[in-house]
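Data first, discussion second: the structure below is written as structure tokens.
The values are calculated or read from the model by the stated rules, or taken from the named source; none is laboratory data. Remember, predicted model here, so these are calculated numbers, not experimental data. Cβ atoms come from the backbone with ideal geometry, glycine included; neighbour counts cover every protein chain shown.
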Amino acid sequence: MEPDQIFLEDAVKALVDHPEAVETTRTIDPMGVLLTLTVHPDDMGKIIGKSGKTAEALRILLRVIGMKGNARVNLKINEPMGGLRAPEPVAE
């Protein structure tokens, strides 16, 4: 595993209640490195954080790690199947 992927897994496992369910995949595309994170559905709120602050902090730290290797690192968080979202407001 690459240092950016190791960092992401270690940081996320420290935050969640179900560390055994944390999975990351690393792909390289023309835009740079894409890390995809999958966690237990109960842990989604902890990873995203209030107003997305935790997810944004992880993205910033991954960009800093990527700078060391001259790579642009992006983070995608997979939404669990059947995730509950607030219904979209209907315009009248």
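Structural remarks
- Taken over segment 15-44, the criterion of being among the hydrophobic types (A, V, I, L, M, F, W, C) and more than 10 Å from Ile77 (Cα to Cα) is satisfied by Leu15, Val16, Ala21, Val22, Ile28, Met31, Val33, Leu34.
- Residue, surrounded by the most Cβ atoms within 10 Å (Cβ to Cβ), within segment 46-82, restricted to residues that are of a type in the set (Gly, Ala, Ser) and touching a helix residue (DSSP H, G or I) at 6+ places or on another chain (Cβ under 9 Å): Gly66
- One residue alone among Val39, Val33 is in contact (Cβ under 8 Å) with a residue 12 or more places away in the chain, under 17 Å from Pro80 (Cβ atoms), in contact with a helix residue (DSSP H, G or I) (Cβ under 7 Å, 6 or more places away or on another chain) and not polar (S, T, N, Q), and that residue is Val39.
- Scanning segment 17-39 for residues that are modelled with pLDDT of 90 or more, more than 12 Å from the chain's Cα centre (by Cα) and not charged (D, E, K, R) yields His18, Pro19, Ala21, Thr27, Ile28, Gly32, Val33.
- Segment 42-67 - residue that is more than 12 Å from the chain's Cα centre (by Cα) and in contact (Cβ under 8 Å) with a residue 24 or more places away in the chain and, of those, farthest from Glu9 (Cα to Cα): Asp42
- Checking each residue in segment 22-43 for being surrounded by 16 or more Cβ atoms within 10 Å (Cβ to Cβ) and part of a helix (DSSP H, G or I) picks out only Asp43.
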